[in-house]
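J.: My structure is below; once you've seen it, I'll send some questions.
The values are calculated or read from the model by the stated rules, or taken from the named source; none is laboratory data. Here the structure is a predicted model, which is why all the values come from computation and not from measurement. Cβ placement follows ideal geometry from the backbone for every residue including glycine, while neighbour counts extend to all protein chains displayed. These area figures cover heavy atoms from the full protein model, side chains too; ligands, DNA and RNA do not enter into them. Shrake-Rupley method; radii C 1.70, N 1.55, O 1.52, S 1.80 Å.
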Amino acid sequence: MQVERVRRYVLSSLVCSVVLLHATAVAALGATGGTAGGARQGLFVMSVLFGLLAIVAVRLINRRPVLTPWLAVALVIPTVVYWLILRVLAA
């Protein structure tokens, strides 16, 4: 029983690390480059989708319901950060 639990923890950590690393890289690319028409917004959307994918994958690995308030957090926080970045870059 304990081995299964540890396996789920390790797999969840691995999924989060890999997927969120990609989300961060795409978001950073969107913040620093991607000035072609709509590229910045497209990279932002990809970053949010990577974050949502990480949350859903971890919930499925741990056999929990997929719909959770954390999905709303995954949409709100990146949107606020993106808005703040645009405000700073526009100033």
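J.: Could you list, in sequence order, the residues of segment 1-15 that are loosely packed, with under 15 Cβ neighbours inside 10 Å and modelled with pLDDT of 85 or more? First the steps, then the outcome.
T.: Step one: list which residues in segment 1-15 are loosely packed, with under 15 Cβ neighbours inside 10 Å, which gives 1-11, 13-14.
Those that are loosely packed, with under 15 Cβ neighbours inside 10 Å and modelled with pLDDT of 85 or more: Gln2, Val3, Glu4, Arg5, Val6, Arg7, Arg8, Tyr9, Val10, Leu11, Ser13, Leu14.
J.: Of all residues being open to solvent by less than 80 Å² (accessible area, probe 1.4 Å) and farther than 20 Å from Arg87 by Cα in segment 23-51, which is nearest to the chain's Cα centre (by Cα)? Just the residue, please. Give the steps one after another, and end with the answer.
T.: Just the residues of segment 23-51 that are open to solvent by less than 80 Å² (accessible area, probe 1.4 Å), to begin with: 23, 25-28, 30-31, 33-34, 36, 38-40, 42-45, 47-48, 50-51.
Still in the running and farther than 20 Å from Arg87 by Cα: 23, 25, 50-51.
Numbers: Ala23: 5, Ala25: 10, Phe50: 4, Gly51: 2 Å.
The residue in question is Gly51.
J.: Just to be sure before I move on: is Ala54 in contact with a Gly (Cβ under 8 Å, 6 or more places away or on another chain) and either open to solvent by 70 Å² or more (accessible area, probe 1.4 Å) or aliphatic (A, V, I, L, M) (or both) in the structure I sent?
T.: Details: in contact with a Gly (Cβ under 8 Å, 6 or more places away or on another chain): no; either open to solvent by 70 Å² or more (accessible area, probe 1.4 Å) or aliphatic (A, V, I, L, M) (or both): yes.
Against the criterion (in contact with a Gly (Cβ under 8 Å, 6 or more places away or on another chain) and either open to solvent by 70 Å² or more (accessible area, probe 1.4 Å) or aliphatic (A, V, I, L, M) (or both)), Ala54 does not qualify.
J.: Scan segment 64-84 for residues that are over 17 Å from the mean Cα position of the chain (by Cα) and touching a residue at least 12 places away in the same chain (Cβ under 8 Å) and jot them down. Don't jump to the end; show me each part of the working.
T.: Taking segment 64-84 and keeping what is over 17 Å from the mean Cα position of the chain (by Cα), we get 64-65, 84.
Correct list: empty.
J.: Can you pull out the residues in segment 57-79 that are closer than 16 Å to Cys16 by Cβ and open to solvent by less than 90 Å² (accessible area, probe 1.4 Å)?
T.: So in segment 57-79, the residues closer than 16 Å to Cys16 by Cβ come out as 57-62, 64, 66, 68, 70-71, 73-74, 77-78.
Answer for segment 57-79, where residues must be closer than 16 Å to Cys16 by Cβ and open to solvent by less than 90 Å² (accessible area, probe 1.4 Å): Ala57, Val58, Arg59, Ile61, Asn62, Val66, Thr68, Leu71, Val73, Ala74, Pro78.
J.: Still on this model: Can you tell me which residue among Val76, Val48 is assigned to a helix (DSSP H, G or I) and within 14 Å of Val26 (Cα to Cα)?
T.: Details: Val76 fails: within 14 Å of Val26 (Cα to Cα).
Val48 is the lone residue from the list that is assigned to a helix (DSSP H, G or I) and within 14 Å of Val26 (Cα to Cα).
J.: Please work out if Val58 is more than 23 Å from Val81 (Cα to Cα) and either in contact with a strand residue (DSSP E or B) (Cβ under 9 Å, 6 or more places away or on another chain) or not in a helix (DSSP H, G or I) (or both).
T.: no
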